[in-house]
Amino acid sequence: VVSHARSCAFPVSVVLSSRRALIFSLRALWISLREWVNSRNRLVYESTASERYITAVCAIVDSNAGKISSIGCRHPRPLLFSANGEYHELITSGIPLGVLSRYDFVTAETEFGTGSYCAFYTDGLSEAASEGRMLGGGGVVHFLKDLQGKDHSTDAMEAALFHETNLIVSDDVTLVIV
C-alpha cells in the first residue's frame, strides 16, 4: 500500500500508522484485495471528518505468476517498466478512501515479465521542482528510466533523488520499487 493523507489530523494519522496491521489483516482473513480495499474505505469514512481522505494504490505482486493485482484510490498510477526499457501505467481508477461510505473499487490485473520492475510513488515525486518547474509525469518517467539496471536500495534511491539532482521537494516522497 502506497498512500498519502490529505488534511492530515490525528484520526487519519492513526489509520496510516496502522497500515501494517491492516495489510496483515488481508493475509490473515484471506479476503480479496477488492474486499479489503472496500472495507478500508468504510473504515476511513466512518473514522474521519468528511473533509479528510486518503489517496492510495493497493497492490498484490505475484512474482511466480508474473501478475500484479492493483486498485487505485485517486493516487498517481504505478509505472511498470519492462526489461527492454518500455513502460506503461498500471490501469487504476477509483476515488480516494473515505470520500463515500460505499464504493465498488475495481481490481486491475497486469502481467509482467522477467526483468521488469514496478514503481509505486506518491505525488511528492511528480510535484518535485527543478528550475521552477514541477517534474510532472514525464519527469517521473525519465527519472525512473534512469534507474533501470541500477541499485534500488533505499540509500541509492535517496542519493539519486536528493543528492544527484537539483530537485526541490516540498511534499513528502515515497517511492517503492518492486
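Looking only at residues of the range 70-114 that are of a type in the set (Gly, Ala, Ser) and out of contact with any Ser or Thr (no Cβ under 7 Å at 6 or more places or on another chain), we find that the one that is farthest from residue 140 (Cα to Cα) is 101. Of all the residues in the range 53-69, those that are open to solvent by less than 80 Å² (accessible area, probe 1.4 Å) and within 25 Å of residue 143 (Cα to Cα) number 11.
Would you mind stating whether residue 143 is among the aromatic types (Phe, Trp, Tyr), buried (at least 20 other Cβ atoms within 10 Å of the Cβ) and modelled with pLDDT of 90 or more? The answer is no for residue 143.
Could you tell me which residue of the range 127-140 is least open to solvent (accessible area, probe 1.4 Å), considering only residues that are in a loop (DSSP other than H, G, I, E, B) and either of a type in the set (A, V, I, L, M, F, W, C) or in contact (Cβ under 8 Å) with a residue 12 or more places away in the chain (or both)? Applying the filter and picking the extreme gives 128. Among the numbered criteria (1) at pLDDT 85 or above; (2) more than 16 Å from the chain's Cα centre (by Cα); (3) surrounded by 12 or more Cβ atoms within 10 Å (Cβ to Cβ), which one does residue 162 miss? It fails just one condition, (1). Only one of the listed residues (87, 103) is of a type in the set (Ser, Thr, Tyr), open to solvent by 50 Å² or more (accessible area, probe 1.4 Å), in contact with a Phe, Trp or Tyr (Cβ under 7 Å, 6 or more places away or on another chain) and modelled with pLDDT of 85 or more. That residue is 87. All of 72, 149, 124 fail the test of being surrounded by fewer than 13 Cβ atoms within 10 Å (Cβ to Cβ) and within 19 Å of residue 176 (Cα to Cα), apart from 149.
The values are calculated or read from the model by the stated rules, or taken from the named source; none is laboratory data. Given the structure is predicted, the values throughout are model-derived calculations rather than measurements. Note that each Cβ is placed from the backbone with ideal geometry, even for glycine, and that neighbours are counted across all protein chains shown. Ligands, DNA and RNA are stripped out before the accessible areas are found, and what is left, the full protein with its side chains, is counted by its heavy atoms. Shrake-Rupley method; radii C 1.70, N 1.55, O 1.52, S 1.80 Å.
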